[in-house]
Structures are given as structure tokens and as C-alpha cells.
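Working notes for the structure below.
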2 protein chains.
Amino acid sequence: MTEKNKAKVREILDTYLECNHHRKTPERYAVLDAVYSIDGHFTLEELDAELTKRNFRVSRATLYNTMHLFIELRLVMRHSLVDGTKYEACYYNDSHIHQVCSVCGQVTEINVPAVTAAVNDLKLQRFRKDTFALYIYGVCSTCQAKLTRKKNDK
Amino acid sequence: MTEKNKAKVREILDTYLECNHHRKTPERYAVLDAVYSIDGHFTLEELDAELTKRNFRVSRATLYNTMHLFIELRLVMRHSLVDGTKYEACYYNDSHIHQVCSVCGQVTEINVPAVTAAVNDLKLQRFRKDTFALYIYGVCSTCQAKLTRKKNDK
DNA sequence: ATAAATGCAAATATTTTGCAAGCGC
DNA sequence: GCGCTTGCAAAATATTTGCATTTAT
């Protein structure tokens, strides 16, 4: 993530905290920066490691609180995949389509403009649409091969 | 869920267990039946309650094991929403689009044929696509009204 | 008879909570 | 100074695991 983009999300947080009379604590900015420095999905544990690497220690409670805040602000997306809960910076990310193998748990982000457009064009009643996540479940070719082999063995 | 449809999913489980030389335990059929008797999303706790109501007791471990199996078989879908993990019978269910309010957590299932078609038409490389789940995040009108009111108060 | 599946209980992992202390406004 | 936010530690939940026992094949 470029510095310019990090500045932009920092500004979004800034504006929100000011408008809603919440505090601009160093923790919130440090966590945001860490989040936007990690590429792709990450666990809470990994986020904590990133912060430690930067010599910034936050408590578990604050980490959870802050992630909840960021999710409400659409700065972070939470995914619950086969191998546990993962987070992801989502402000500069319009690839919300995940291909998930339910055998091995492997997740691949894919880009499908037609689907993205269909979702974005969607008009919802009494609902302010902000973002979306699409999970396509199936079996990857590697696992498919293993399954076929296993069946033949028997 | 009609009895006819329950019979159909039971048959799917049956065929799978036979072909793969796994055991047809009473637990597996009892859990499947309970799953397909509950309407909409449910927690593990609620599933356990349904089984207890039917005088069928299964251990926590078996419940988790069985749900994992059903998920692989596409008989069950697992959702991780704001208010925790939810499961859902999914074999006779093609409404996989969820509208999720990130403030109150309310989930509404919606039907959008255009989007469903776009996803179903999708061709993926080296991946056997089975099913999908789409989550559209935003703010419901009730929460939106509350937020606006709060902002005006200040 | 054999191996897979279950139950149980303990271990682990994950998330929330209450309260005292710290600090942004 | 006020009261939101944090850290801490404990509590509450959720999920997995090892092992003895049961049971489907």
C-alpha cells in the first residue's frame, strides 16, 4: 500500500472520529497503519505481530475493539474461512470475490468484472449498501485429483 | 422442508457414505434430519436443542464432525456473521444473497436473479464450483435513522 | 475382527467483559 | 476534570483433540 493511500484512510478515520466526538488515540492510528501495511488476508495474531515489529504494543481487547470500529467504517473486512477468522484491508480493494476450496481451505481472490458490476448495480430497498464479499465454494484441481485417485484405489 | 426433500438429502448422504466406505451411523442421519427441519440460520446450540427435543443426544465432537462433513457435501452452509457462527441447510436453497447491517448485525436474505445468474454463469479455471454465498454489507434503514439522529444531537 | 465413529473430558483457541488506570479533549 | 479508551486478567464461548469405548461393516 502506498503512503498516499495510507494517508487517505488515516484521513477517513480522522474525520469519523472528529465528527462523532471519539478520541484520536495513538492506538487507533497505529493499528490502522499496520492493517494497511499487510498484503491480503491476516489473522489477529499476525496483526499483533506486525504491531510488535513496529514496537507498538496494544492489548487484545483494544485490538478487537479497533477492528470492530474499522469494520463499521468499511476500512476492514472480516472473513471467516475454513482455517479461521481472517481480516483484510478493504478500502483500496475491489476484488471481493473469493474462490474457496472446501477440502484444503485454499482461498484464491479472483476478478470477475461481470459479477462485480452486477452486484454494484444492485439497488436495495431501505438499505445503504457499502461493500460486498462473495465466496465461491468448490474443490480445487489439486484436491479433485486426490479425491479421484482415492476413489480408484478402493 | 417437505418429507420428500428430506428423503432426497438423506439419499445424497447415503450414496456418499456408501461410495466412500464411511459408516452409516444413526447420528449422521439424525443430525441431517434435524438440520433440514430448522428454517433458516441456526447455531450449533440450536441444532443441539432440536436434537434433544427429538430425544437424540449427540456429543459436541460429533456435532462438529458431522457439520464439517455436511459442509463438504454441500448439504450445509456455514456463515460467520456479526453475531457469531450460523449454519444453514442449503440443498434446496438458492437464495445465497445476504444483506448484512454492520451496525445491528441484522441479516436479510434477498433474491436477485441477475446476480445469481451472473455467478452461476461464471466459468472458473481449475476449480469445480459448487455453491456460493454473497454478503452485501451496509446499514439498514433503522440504524441509519439512529445514526442521523445521533449526529444531529451533537 | 477390524477400523471407523462416538462420547467424554481436557486442552486450546477465540472473544468478551469488568474494573482500575491513563489520557485526549 | 470529565469520561472515553486502554490494559489487564478473568470469564465466557467456541472449537479441537486424545483416548477409551462402541459399533457398522
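The values are calculated or read from the model by the stated rules, or taken from the named source; none is laboratory data. None of these values were measured; they are calculated from a predicted model. Please note: Cβ atoms are built from the backbone with ideal geometry, for glycine as well, and neighbour counts cover all protein chains shown. Protein only, heavy atoms only, side chains kept; ligands, DNA and RNA dropped before computing areas. Shrake-Rupley method; radii C 1.70, N 1.55, O 1.52, S 1.80 Å.
Quick one: helix A:60-72 against the long Cα principal axis of chain A, what's the angle to the nearest 10°, folded into 0 to 90?
For helix A:60-72, the angle is close to 80 degrees.
Accessible area of residue B:6, 1.4 Å probe, to the nearest 10 Å²?
Here the residue's solvent-accessible area equals roughly 20 Å².
For chain B, give the share of DSSP beta bridges that are antiparallel, in percent and rounded to the nearest 5; count only bridges with both residues there.
70 percent
In nm, one decimal, shortest first: how far is the label point of residue B:43 (7 Å from Cα along Cα to beta carbon) from the matching points in the other copies?
Inter-copy label distances (nm, one decimal, shortest first): 2.4.
Label position 7 Å from Cα toward Cβ: report the copy-to-copy distances for residue A:4 in nm, one decimal, ordered from shortest.
6.2
Where the only charges are on Cβ atoms (+1 Lys, Arg; -1 Asp, Glu), what is the dipole of the protein assembly as shown about its Cα centre, to the nearest 20 debye?
Using Cβ point charges on Lys, Arg, Asp and Glu, the protein assembly as shown gives about 40 debye.
Which FRET efficiency value, to the nearest 0.05, do you get for residue B:110 and residue B:61 by plugging their Cβ-Cβ distance into 1/(1 + (r/R0)^6) with R0 = 30 Å?
With a Förster radius of 30 Å, E is 0.25.
State the Cα centre-to-centre distance between the stretch B:1-55 and the stretch A:58-120 in whole Å.
Going from one Cα centre to the other spans 31 Å.
On average, how much accessible surface per residue is there in the protein assembly as shown, in Å², for a 1.4 Å probe, leaving out ligands, DNA and RNA?
About 54 Å² of surface per residue is accessible.
Among B:104, B:40, B:90, flag the residue with its Cα farthest along the positive direction of the charge dipole of the stretch B:20-154, charges on Cβ as +1 for Lys/Arg and -1 for Asp/Glu.
Farthest towards the positive pole: B:104.
Given the -39500 (n - 2.57) contribution per DSSP H run of 4+ residues, what per-residue ellipticity at 222 nm results for the protein assembly as shown, rounded to the nearest 500 deg cm²/dmol?
Taken over the protein assembly as shown, the calculation gives -14500 deg cm²/dmol.
How big is the dipole moment of the stretch B:94-154 about its Cα centre under a simple scheme where the beta carbon of each Lys and Arg is +1, that of each Asp and Glu is -1, and everything else is neutral? Debye, nearest 20, please.
With only Lys, Arg, Asp and Glu charged at Cβ, the dipole is about 360 debye.
Give me the percent of accessible area attributable to carbon and sulfur for the stretch A:29-102, probe 1.4 angstrom.
Carbon and sulfur atoms account for 47 percent of the accessible area of the stretch A:29-102.
Which residue is it, in chain B, whose C-beta lies closest to the B-to-A rotation axis, and what is that distance in whole Å?
For chain B, the closest residue to the axis carrying it onto A is B:80, 1.
Where the only charges are on Cβ atoms (+1 Lys, Arg; -1 Asp, Glu), what is the dipole of chain B about its Cα centre, to the nearest 20 debye?
400 debye
For residue B:60, place a label point 7 Å out from Cα along the Cα→Cβ vector, do the same in each other copy, and report the separations in nm, one decimal, smallest first.
Spacings between copies for this position, smallest first, are 1.7 nm.
Find which of B:79, B:116, B:140 sits farthest along the positive direction of the dipole of chain B, computed with +1 on the beta-carbon of Lys and Arg, -1 on that of Asp and Glu, about the Cα centre.
Sorting the options by dipole projection puts first B:140.
List the cysteines of chain A that have no other Cys Cβ closer than 4.7 Å: which are they?
A:19, A:90, A:104, A:143
Rounded to the nearest 5, what % of DSSP beta bridges with both residues in the stretch B:94-154 are antiparallel?
Of those bridges, close to 45 percent are antiparallel.
Ballpark to the nearest 100 Å², how much total accessible area do B and A bury together, probe 1.4 Å?
3400 Å²
Would you be so kind as to list the residues of the stretch B:94-115 that have their accessible area lowered by at least 40 Å² in the full protein complex compared with their chain by itself (1.4 Å probe)?
B:99, B:102, B:115
Give, ordered by residue number, each residue of the stretch A:69-87 whose 1.4 Å probe accessible area is reduced by a minimum of 20 Å² on adding the remaining protein chains to the chain alone.
A:72, A:74, A:78, A:80
Using every pair of alpha-carbon atoms in chain A, split the distances into 10 Å bins beginning at 0 and state the percent of pairs per bin, rounded to integers.
9, 32, 32, 18, 7, 2, 0
Please report the accessible area of residue A:48 (heavy atoms, 1.4 Å probe, ligands and nucleic acids excluded) in Å², nearest 10.
Number for this one is 40 Å².
If N is the number of residues in the protein assembly as shown, what value comes out of its Cα radius of gyration divided by 2.2 N^0.38 Å?
1.11
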